[in-house]
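No value in this document is a laboratory result; all are computed from the given coordinates. Source: prediction; values computed, not measured. Neighbour counts are summed over all protein chains in view; Cβ atoms, including those assigned to glycine, are modelled from backbone coordinates with ideal geometry.
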Amino acid sequence: MTELINKLDLEQHISKLKSFFAREKDIIFEGDVSYHYKLISELSNYTFKDAPKVANLDSQLMHIQKLGVLKIYEIYEFVKIINYFAYLKRQRFEGGLFAWFEKIEIPSEILKVSEYFDDKGEIKSGVNEELDSVNHALYKNKEEIRTYLQKLIHTQKLQPYLVDNQIHLVNGDEALLLRGGFNHILKGSIVDRSQGGFFYVVPHTISELKQKRDDLQNHKLELVYKISKEISSTFNKWLKFLQFINKEFDKIDHYLARISFSRSGDLNFILPTNSKTHTLVEFCHPALHHPKPITIDFSKKVIMLTGVNAGGKTMVLKSLLSSVLMSKYLVPFRANKKSQIPHFKHIEAILDDPQNVKNDISTFAGRMVQFSTLFSKDYYIVGVDEIELGTDSDEAAVLFHTIIEELIKKNIKVIITTHHKRLAAMLSGNNEVELYAALYDEVNEKPTYEFLQGTIGRSYAFETAGRYGIPKYIIEKTKVAYGEDKFKLNELIQKSATLEMELKLKIEKLDNEIANTLRLKDSLKNQRDEFQEELNTSKAKLHKEYQQAINEARAAIKAKDVSESHRYLNAASKFVKNVETPQIKEDVVFEVGDMVKYKSSKGEILSIKGEKAFVDIDGIKMQVFLKELKKSGVPKTTPKQKPKTTLNVEKPTNAGVSLDLHGLRSDEAIEQLDKFISDCLIAGFDEVLVYHGIGTGKLSFAVKEFLRTHPKVKSFTDAHPSQGGFGAKVVKL
C-alpha cells in the first residue's frame, strides 16, 4: 500500500489525513464501505468534541491477557476511551449512529474504574483513604521545605551570595541559585549550574525533610501498584469488552479524522459503486499546487493517452488510479460530486523502469514479468506509463496490441500512455478503446494540459527539445534526417486533431443554442398558460355580469308600475355599461409589402423605420405610426421565393488516417477501401496509409488497380520500411 501511495504521489495527502487521527494507524477500512460512508455522512451533521489522543494499546491488551499488571498511566489510556464512548452515548444521535452506540453497553465495573481518575490521569481523592493520607503528607512536606528555604533566603549572611530570591525546582529538588564562595556560609549539594556560571544548591539542612518525602513517595508507589493490580484484575475479567471497545475507538477515529480532513480543505467523499461507469468530473490531483481540473470518461475497458511530451499524460493516469484508491478507502479529495468511480479489488501502477541488474532483468523483461501477472487476476485497474519502453517499437506495437486485446476480454481496465502512433492506430478501431490526445499550443509553443477525446496526438518531440535548451541547429538537422513523409503524417495527425477540436467547439455552441431555445420555449408555454387562465377568469366574470343584467331586465318587464319598470331598465343598462371586456393585446409584426388599414383607408407598407411606416394609400404616400395600423388582407404582389436546397454531409465520427486490409478478400477489401477514402475526404485528410500486406499479391494488385481508377486519388507510393514497406501504400488525396 505504501509503495502504491508513493507511486501515485499521494504520500503528502495521506500524511495530512493521518495527522487528524487520535492515534497512529493505517488508512485501510475493514468492513462494508457503504456502511462506513453512511455513518460518516450522519456524523457530518453533528457537532461534538473530538476524540482524545490515545496510545496504541495492543501490547497492553496482550499484557492483560497474560494476567500482567498495567501501569497507572496505561490504565488511564483505557479510561480515556471508556469516557469518550460514555460521552457519545449521551448524545442525541439518530438513525445508524443511534443503533451503533445503543449496542455498546459499558459494564458497570469498567465505568466505576473510569470514575477513579481526574482529567490529568491522577487518582481522585476518596478512592483510597491511605493514598489520600500519603498525598496530604507529601503536600505538607513540600510546604515545610518551601517555608524553610524562604527563611533561609532572608538571612543576612546568605544575601551576598544569592543571585535571586526564587526557589528553583531542579530535577525534582528545590534549590537556591547562588554565587561562588557560598560554601563558607551554607553547606549543601550542587545539583546543576546556570548559563551564567552560578550554582543550583540544595542545603543539607533540609535532608531530613527530603528523606521523609522519599519515604512517602515510595509508600505512594506501593499503594498505586496495589490499586493498579486490582484494576488489572477487573480488566482481565472484561478483556473481550476492552478488545471490542479498543477496535470501536479506531472506527470512530477513522470517521472523525476523515470528516475533519474534508472540512479543512473543502474535499468531497465519492462512494465507489458496482457500476462500470468511471467518470471523473473536475478532479484535482492532491500533489499539484495549482491544478487544472480534469474531466474524463473511462467507461470503456482501455484509455490510451497520446500527444505532446510533458503535456500531463502521466498525471491523468495517476489521477484515474488515485481516484480509485481514495474512493475505495473513503479518503476525501477535490472533485465534483457528479464523479462516478467503480470499485476494484486491486490497483496496479506500472510506472517505473523495472530494470534490475542483480536479478539480470532488463527493462523490457521486467515489463513482461509485470504484465504476465495480470492474466491470472480479476477486477483489476492497471496504469502503464510509456508502454513501449525498452524494446523495438514496431515489435512492441504488435505484441502489446495482442496483450491489450486479451486483457479487454477480462474484468480488467487499463490506462496507457504512449508516443507509439502505430500501437494507437492499431487499437483505434477497437470499440473498447478510448483515445485521448494531450494538446499543444503552437502559438505560445507550450502544452495546454487539456485533452481531446477520440484522436491521436503528436509528441512534439522537437519542439519540446527546443523548449528545454537543445540548440536550434541540432533540431533542424534532426528534422531533415526524420524525413518529409513522416512530417506530413504528423501534420495529418495534427490536422485531424484540429478538426476534431473545431467540431467539438461547434457542437458545444449548438448545444448552448438548443438549451437557450428550450428555455425560451418553456417561458412561452408558461406565458400561454397564464394568459389562458386569465382569459378563462374574464369569461366567467363576463358571463356572471351578463346574467345579472338579463335578470334585471326580466324583472323590469314583469313590473306592473311603469316607474318601477323604468327603474329596473336603468339598473340593467348600468350593469351593461359596467361590464368590462378584456382587451387581448396581440403583438403584430408588420413587414414591407403588407396590406394594412389606416382609419377607413387601405394601403400598402412601403418601408418601416423604428415605430413609423411609409404607407401608399391610393397613390398618396403617408408616414404613420405602426400602432395606428391594422393588417388587412394579403400583399398586392407576393414575391416568389427561390426554393432552398440544403446538402448535409456528416463528418464521420471514427475517421482515421490508416486502414488495415490484412486477411480480407479482394472484394471485401475494395469495399472497405472505397468507404475509407470517402470518409477521409469528408474529414479533410490529404494523405493516408493503407496496409494490404504482401502474401500472394492478389490483394496488393486489387488495391493498386482500384487506386489508379479512383477519381480523387492524386498518387500513391509504397510506404517507408518502418511503415510497412511493400505491404502498404501512402495515398495522396
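Numbers at a glance
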| quantity | calculated |
| --- | --- |
| Signed unit charges on C-beta, dipole axis of the stretch 658-732, positive-most listed residue Tyr691, Leu673, Phe706 | Phe706 |
| Net charge contributed by nearby residues that have their C-beta within less than 12 Å of Phe726 (K/R +1, D/E -1) | +1 |
| Chain lengthening between Asn268 and Lys714 when straightened (0.36 nm per residue, less Cα-Cα) | 154.8 nm |
| Packing-based ranking, highest mean first, of 268-281, 531-544 given that Cβ atoms within 10 Å are counted | 268-281, 531-544 |
| Amide N of the stretch 45-73 lying under 19 Å from the label point, which is placed 7 angstrom from the Cα of Lys229 along Cα→Cβ | 63-73 |
| Long-range tail of P(r) for the stretch 130-271 (Cα pairs > 21 Å, %) | 64 percent |
| Dipole magnitude of the stretch 658-732, debye to nearest 20 (Cβ charges: Lys/Arg +1, Asp/Glu -1, about Cα centre) | 220 debye |
| Pairs from Lys53/Lys89; Lys409/Lys698; Lys226/Lys247 whose Cα-Cα separation, in the structure shown, is over 31 Å | Lys409/Lys698 |
| For the stretch 13-83 versus the stretch 171-246, the gap between their alpha-carbon centres in whole angstrom | 32 Å |
| Whole-Å semi-axes of the stretch 269-333's equivalent ellipsoid (Cα gyration tensor) | 20, 16, 9 |
| Val592 paired with Gln12, simple spin-label distance in nm, labels 7 Å along Cα-to-beta-carbon | 6.7 nm |
| Theoretical gain in end-to-end length, Lys675 to Lys704 [0.36 nm per residue, Cα-Cα removed] | 8.9 nm |
| Exposure proxy ranking, count of Cβ atoms within 10 Å, fewest first, for Glu348, Glu3 | Glu3, Glu348 |
| Residue exposure sequence - Tyr200, Tyr87 - by fewest surrounding Cβ within 10 Å | Tyr87, Tyr200 |
| Gln91-Ser59 pseudo-label distance in nm [points 7 Å out on the Cα-to-Cβ vector] | 3.2 nm |
| Simple spin-label estimate for Leu524 and Lys506 in nanometres, 7 Å along Cα-Cβ | 2.6 nm |
| R0 of 22 Å, Cβ-Cβ distance Leu169-Ser207: FRET efficiency to nearest 0.05 | 0.80 |
| nm² value of the averaged projected area, convex hull over the Cα atoms of the stretch 658-732 | 4.4 nm² |
| Residue-wise HN-Hα coupling along the stretch 232-246, computed from phi with Karplus coefficients 6.51, -1.76, 1.60 (Hz; x: Gly, Pro) | 4, 5, 5, 4, 5, 5, 10, 4, 4, 5, 4, 4, 5, 5, 5 |
| FRET efficiency for Lys38 and Glu109, using Cβ-Cβ distance with R0 set to 51 Å, rounded to 0.05 | 0.95 |
| Net lengthening on full extension, Ser133/Leu535 (0.36 nm per residue, minus Cα-Cα) | 135.2 nm |
| FRET efficiency estimate (nearest 0.05) - Cβ-Cβ, Leu158 to Asp215, R0 35 angstrom | 0.75 |
